[in-house]
Amino acid sequence: MSARSPSGTSRLLRELRSLRVLLVHPDDNDGQELRAQLQRIGCQVRAFWPPTDRPPEDADIVFFAMRPELVSAAIPWLKREGAPPVIAVVTYEDPTSVEAVLRLNTYAVIPSPVKSFGLLSAVAVTLTQAQKGVDREKYIQRLEQRLAAQRKISKAKTILMQSRSLSEDEAYKLIRDRAMSHRATTEEIADAVIKATDILGLDGKQER
């Protein structure tokens with residue numbers, strides 16, 4: 001009997017040893033303790049304070065200390081597309097600080113002073129949810145590309161139906177046959193039909 005493949009959770013825990021953590025936290029006792037705990041997990045930790053406007057390089061996850069002086073601060077690189085997921089480290093809780101945490105698009109929150117309990121779970125949940133978000137965006141992009149291709153093919157079929165008096169099936173067969181003979185996709189052939197019509201100044205209707 002073959003061995004079972006490792007679960008996603010086990011794989012994730014093993015990958016923590018190569019996890020690149022950016023610790024945006026003052027170099028106080030709490031910051032030093034958090035850094036030590038992350039290193040015990042096996043993470044590669046880089047730390048700096050105060051936050052800068054310059055985006056970090058090669059960071060997989062960010063621990064961000066939400067201090068009172070940062071409640072209204074703008075951290076633009078945390079909101080850019082492709083920014084690493086954020087875990088907020090909070091010292092107190094009120095409506096203003098909660099709103100600030102939400103503005104950072106955080107995936108998890110850990111209280112200060114930092115305890116070892118819950119830290120690993122916060123990292124695992126954050127990475128898992130962030131990856132799901134990436135996968136969801138890719139899926140949406142594929143759907144949008146597919147819909148755009150279908151609209152393009154539909155437009156090309158309409159042009160061929162009007163200019164050559166073809167049925168819809170015949171127009172699509174013509175596009176498909178040209179795609180096969182030219183080793184191209186149906187979308188590429190449809191795009192060529194549309195561009196040719198635009199260049200020639202035709203509206204797709206059969207000339208009298």
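Tabulated data for the structure shown
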read-out: Close pairs (8 angstrom Cβ cut-off, 6 or more residues apart or separate chains): in contact (Cβ under 8 Å) with a residue 12 or more places away in the chain and in the same structural domain as Lys79 (by TED's automatic domain parsing) in segment 93-104, surrounded by 14 or more Cβ atoms within 10 Å (Cβ to Cβ) and assigned to a helix (DSSP H, G or I) anywhere; value: Ala100/Leu70; Leu104/Leu78
read-out: Residue ID - surrounded by the most Cβ atoms within 10 Å (Cβ to Cβ), chosen from residues in segment 57-109 that are among the acidic types (Asp, Glu) and within 18 Å of Gly133 (Cα to Cα); value: Asp60
read-out: Filtered residue count, segment 193-208, keeping only those that are among the small types (Gly, Ala, Ser) and modelled with pLDDT under 55; value: 1
read-out: Residue count for segment 48-60, restricted to those that are touching a Phe, Trp or Tyr at 6+ places or on another chain (Cβ under 9 Å) and over 21 Å from Glu93 (Cβ atoms); value: 5
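Table: residues versus (1) surrounded by fewer than 12 Cβ atoms within 10 Å (Cβ to Cβ); (2) assigned by TED's automatic domain parsing to the domain that holds Gln44; (3) in contact with a Ser or Thr (Cβ under 9 Å, 6 or more places away or on another chain); (4) under 30 Å from Leu19 (Cα atoms).
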| residue | (1), (2), (3), (4) |
| --- | --- |
| Arg146 | yes, no, no, no |
| Ala149 | no, no, yes, no |
| Leu166 | no, no, no, no |
| Thr185 | no, no, no, no |
| Glu188 | no, no, no, no |
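The values are calculated or read from the model by the stated rules, or taken from the named source; none is laboratory data. Please read these numbers as outputs of a predicted model, since none were measured by experiment. Virtual Cβ from ideal backbone geometry, glycine too; neighbours counted across all protein chains shown.
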